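Q: Supplied in structure tokens, the structure appears directly below.
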């Protein structure tokens, strides 16, 4: 089979699964998840085949890529094409998307309590509350199956289709289609438990916030199409003449070139999707969704899409000179989100902010031109962050087990201060979470996160971006610190609540994905070890990733010289952060406040309230918008003008109707009718008097009439 | 031979007597009798015209016979009505039976 056929087929199974589940099998949970996981499995298999074929090609990407396109939508002179294209970047992305999606699908089976009884008081739209089960002479509460189990698998199927479409598409338009499908699924899945008001609000917030970015992105796409007449990646990005023209054409806005303006628009799209400052506010709230969703959408795939798109369009952004903006936003987001993560207590929220921060790392890396480092971090981050999210889901699940056991529903199973000592209760979750956490912190040598993060720092140092370098170094220190804080609070020490004492290891369907992802979180770094790294450099795959991904670009980027200083900084911040985190949080007693609260003082509450960004946006945008819609649109425009016109028309019609009734209908039409009726009646009243009832008078009358008639006949009619 | 006009004058006189009886009598039986007189006056006319104008044709005699039959049945019905009214109201005065009106 042609490899392009496989590429065409790769996104389709999850879409098929979506329709099958939605239309036919949604009453059968087992069949639904079998279809969904089977579809994810087929897509995974196709992705691996494609990836395998791609890495087997010598100089893949430089001379040829796998591509195929058909005409889709005729417009004017040309037509929009729908097509697939696999180059080194998308091959690598396909690799991690295939793995994480499959793992998350399998994990969802356990997470939504498949095989458990139906809950006693469960409602669709609310998380399951548990079911009472009789066991001999006593009852106890066990987790109950998610009421909308099949629907969940349908939604994540559609989501996976969106992501695969985005990755394999060969032009910006189909990429945008996949992008928007994911936006929709993100909305549906964040609001999956729509019975909770917080979930509804979070879904709306996510949808509207990303919408701001998407509108700009669409503007960028439209402008790019107008300027070049094509949206195909290779046609634009592998064509120096086109890039040159775009870089020199004046856009007429802010003195930017056309490439600059398009680049800015696309970057704003990525800011929305990848939750960069200042559009980062939706992602933490998106943790309202079920945890597999957080892992899938908000760690491994959808938020990566923004960065993926920027990496994809990198030559255009470079030509347009917008890279300093990327560097600024990325570095700012990295440190800004890392500081917020320090003061969060919700186990998933910490991860949410760390995701924002890590995406900031990637964007900053792109901003300093470290194309390959950004892609590398994108891949490793997808694995270890999916692992961390799934691990946190497993922790929450274990804690919910404890809550069901004690029956005390006031205990928040997501608050890290309610946990502690879970290491012994949930060993598999603990070890995999530890691996994920160390990868996130960049624990030297053995974790994937170290290699990719080190690559970014080394690039920043080598290209003399000292500010970015030091900002990212501090952010990395904070990352290691809050990761260790999370691990220590959750797993180490002694249980701080009865619930934590009764926590329970999760089902196999949940732990196996964790273990597989943990393997990648450890081993994936090996593909990107720089060639000149001491000892390890030449050992396994010397500079393989650099060689492979470099083929995506027109000009193969030069490998940087190895330097000792950034490496030492990288190792220092990772180990320093981890050690500090452990030292500060190892002895937190039950009910004790965060040890950082006292020394940081007001800064702590500033961080805990996320720099008051939600409040600021509420004040700046939400309330003015509400005021505008209430006062202007509703009261003035709708009630005043539109209703006013309608009421005036109604009043005029009413008056006109009254006029017709009083001036025409009543006097003329009714009058005539009445006249006929009354006069007939009056005449009858008068005339009935001849009917006397006396038979002789009738006779007389008849006689008279006959006589007069006869007389008349005889004397006037006869000639 | 007695001329036709005599018969006609006699018949007219008889008719007028009957007509007067019908208009003037209060008694319902009297009214019926007046009607009989008028019918017989017509019979006289029919027979007289047959005899003087067209004696070969039988139509005049047949008409007269037809009028006898009709008047006999009419009197039978009329008298039955009068008796029925009398039984209910103890009167046979025509101007006292005047309920059939507006």
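The values are calculated or read from the model by the stated rules, or taken from the named source; none is laboratory data. Since the structure is predicted, the reported quantities are computational estimates derived from the model, not experimental observations. No Cβ is skipped: glycine too gets one built from the backbone with ideal geometry, and neighbour counts run over all protein chains shown.
Q: On the basis of being under 30 Å from residue B:99 (Cβ atoms), out of contact with any helix residue (DSSP H, G or I) (no Cβ under 9 Å at 6 or more places or on another chain) and within 14 Å of chain B (Cβ to nearest Cβ), does residue A:683 make the cut? Spell out how you get there, then give the answer.
A: Values: under 30 Å from residue B:99 (Cβ atoms): yes; out of contact with any helix residue (DSSP H, G or I) (no Cβ under 9 Å at 6 or more places or on another chain): yes; within 14 Å of chain B (Cβ to nearest Cβ): yes.
Spelling it out, residue A:683 is indeed under 30 Å from residue B:99 (Cβ atoms), out of contact with any helix residue (DSSP H, G or I) (no Cβ under 9 Å at 6 or more places or on another chain) and within 14 Å of chain B (Cβ to nearest Cβ).
Q: Can you list the helices (runs of 4 or more DSSP H) found entirely within region A:210-310 that contain at least 2 residues being farther than 25 Å from residue A:340 by Cβ? Lay out the reasoning, then the answer.
A: Details: elements: A:233-237, A:240-248, A:258-273, A:282-285, A:291-295.
The helices (runs of 4 or more DSSP H) meeting that bar are A:233-237, A:240-248, A:258-273.
Q: Determine, yes or no, whether residue B:29 is within 14 Å of chain A (Cβ to nearest Cβ), buried (at least 18 other Cβ atoms within 10 Å of the Cβ) and either under 24 Å from residue A:703 (Cα atoms) or out of contact with any strand residue (DSSP E or B) (no Cβ under 8 Å at 6 or more places or on another chain) (or both). Can you show your working first?
A: Values: within 14 Å of chain A (Cβ to nearest Cβ): yes; buried (at least 18 other Cβ atoms within 10 Å of the Cβ): no; either under 24 Å from residue A:703 (Cα atoms) or out of contact with any strand residue (DSSP E or B) (no Cβ under 8 Å at 6 or more places or on another chain) (or both): yes.
So residue B:29 fails the test.
Q: For region B:82-94, which residues satisfy the criterion of being within 12 Å of chain A (Cβ to nearest Cβ) and either loosely packed, with under 14 Cβ neighbours inside 10 Å or outside any helix (DSSP H, G or I) (or both)?
A: B:93
Q: Consider region A:398-427. How many of its residues are in a helix (DSSP H, G or I) and either within 26 Å of the chain's Cα centre (by Cα) or over 14 Å from residue A:492 (Cα atoms) (or both)?
A: Just the residues of region A:398-427 that are in a helix (DSSP H, G or I), to begin with: A:398-406, A:416-418, A:422-425, A:427.
Now restrict to residues that are either within 26 Å of the chain's Cα centre (by Cα) or over 14 Å from residue A:492 (Cα atoms) (or both): A:398-406, A:416.
Count: 10.
Q: Further question: Can you pull out every residue in region B:1-25 that is within 14 Å of chain A (Cβ to nearest Cβ) and under 12 Å from the mean Cα position of the chain (by Cα)?
A: Hits for region B:1-25 are B:15, B:16, B:18, B:19, B:20, B:21, B:22.
Q: Determine, yes or no, whether residue A:713 is more than 60 Å from the chain's Cα centre (by Cα), more than 30 Å from residue B:93 (Cα to Cα) and either surrounded by 10 or more Cβ atoms within 10 Å (Cβ to Cβ) or in contact (Cβ under 8 Å) with a residue 24 or more places away in the chain (or both).
A: Working: more than 60 Å from the chain's Cα centre (by Cα): yes; more than 30 Å from residue B:93 (Cα to Cα): yes; either surrounded by 10 or more Cβ atoms within 10 Å (Cβ to Cβ) or in contact (Cβ under 8 Å) with a residue 24 or more places away in the chain (or both): yes.
Answer is yes for this residue.
Q: I would also like to ask the following. Please indicate, with yes or no, whether at least one residue in region A:4-22 is modelled with pLDDT of 90 or more, within 24 Å of residue A:230 (Cα to Cα) and not in a helix (DSSP H, G or I).
A: Yes, region A:4-22 has at least one match.
Q: State the number of residues belonging to region A:362-397 that are more than 30 Å from residue A:133 (Cβ to Cβ) and more than 20 Å from the chain's Cα centre (by Cα).
A: Step one: list which residues in region A:362-397 are more than 30 Å from residue A:133 (Cβ to Cβ), which gives A:362-388.
Imposing the further condition that a residue be more than 20 Å from the chain's Cα centre (by Cα) reduces the set to A:364-377, A:380.
Adding up the residues that qualify gives 15.
Q: Free of Cβ contacts under 8 Å to residues at least 12 places away in the same chain, away from every other protein chain (no Cβ under 14 Å), farther than 19 Å from residue A:694 by Cβ and under 12 Å from the mean Cα position of the chain (by Cα): does that describe residue B:72?
A: Working: free of Cβ contacts under 8 Å to residues at least 12 places away in the same chain: yes; away from every other protein chain (no Cβ under 14 Å): yes; farther than 19 Å from residue A:694 by Cβ: yes; under 12 Å from the mean Cα position of the chain (by Cα): yes.
Yes: the conditions hold for residue B:72.
Conditions tested, residue by residue: (1) surrounded by fewer than 10 Cβ atoms within 10 Å (Cβ to Cβ); (2) more than 14 Å from chain B (Cβ to nearest Cβ); (3) over 30 Å from residue A:286 (Cα atoms); (4) touching a strand residue (DSSP E or B) at 6+ places or on another chain (Cβ under 6 Å).
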{"residue": "A:616", "(1), (2), (3), (4)": "no, yes, no, no"}
{"residue": "A:667", "(1), (2), (3), (4)": "no, yes, yes, no"}
{"residue": "A:696", "(1), (2), (3), (4)": "no, no, yes, no"}
{"residue": "A:703", "(1), (2), (3), (4)": "no, no, yes, no"}
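Q: Now a separate question. Take the residues in region A:48-76 that are in contact (Cβ under 8 Å) with a residue 12 or more places away in the chain and assigned to a loop (DSSP other than H, G, I, E, B), then tell me which one is farthest from the chain's Cα centre (by Cα). Show your work before the answer.
A: First, the residues of region A:48-76 that are in contact (Cβ under 8 Å) with a residue 12 or more places away in the chain: A:48-51, A:53-55, A:59-62, A:65-70.
Of the ones still in play, those that are also assigned to a loop (DSSP other than H, G, I, E, B) are A:59-62, A:65.
On the way: A:59: 35, A:60: 32, A:61: 30, A:62: 34, A:65: 30 Å.
Residue satisfying both the conditions and the ranking: A:59.
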